[in-house]
Amino acid sequence: MSASSVRATVGAVSKRKLQPTLAALTLIPSAVNKIKQLFKDKPEQGGLKVGVQTRGPNGLSYTLEYTKTKGDSVEEVVQDGVRGFIEEKAQLTLLGTEMDCVDDKLSSNYPVIIQ
């Protein structure tokens, strides 16, 4: 699914027309399938929370957690039946990125962020 086909909508201000915008995070079909598979074992969870942590040589690494509620997440992304929440600290870092699921020796079984 290309980034141009996934859209979010900004809330309307009085007498203004709604303007479509790009989603903060786009899920590639393999990531959608993998996340759905992961949630089969955890039906009580509401979505996947994406954040960033300070560490490593570039200063940031991505975090993925199961979550029941939106909590301190600012942005909610819903695509193909999968709910994702983006933490406030991660919003600018993740804006316009894609999430994919790659099964290889280094990153098997987990969705990965691609910029």
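Starting from residues that are more than 11 Å from the chain's Cα centre (by Cα) and under 17 Å from N33 (Cβ atoms), keep the ones in the range 82-113 and report whichever is modelled with the highest pLDDT.
Top of the filtered list is C101.
Restricting to the range 80-89, name every residue that is farther than 19 Å from P43 by Cβ and touching a Ser or Thr at 6+ places or on another chain (Cβ under 8 Å).
I86, E87, E88
Suppose we filter Q79, Q53 for residues that are modelled with pLDDT of 85 or more, of a type in the set (S, T, N, Q), surrounded by 12 or more Cβ atoms within 10 Å (Cβ to Cβ) and under 18 Å from S30 (Cα atoms); which single one remains?
Result of the check over Q79, Q53: Q79.
Restricting attention to the range 64-76, and to residues there that are assigned to a strand (DSSP E or B) and either more than 13 Å from G46 (Cα to Cα) or open to solvent by less than 60 Å² (accessible area, probe 1.4 Å) (or both), which single residue is modelled with the lowest pLDDT?
Only one residue tops the list, namely S73.
The values are calculated or read from the model by the stated rules, or taken from the named source; none is laboratory data. From a predicted model like this one, the values you see are computed outputs, not experimental measurements. Quick reminder, even Gly has a Cβ in these numbers, built from the backbone with ideal geometry, and neighbours come from all protein chains shown. Ligands, DNA and RNA are stripped out before the accessible areas are found, and what is left, the full protein with its side chains, is counted by its heavy atoms. Shrake-Rupley method; radii C 1.70, N 1.55, O 1.52, S 1.80 Å.
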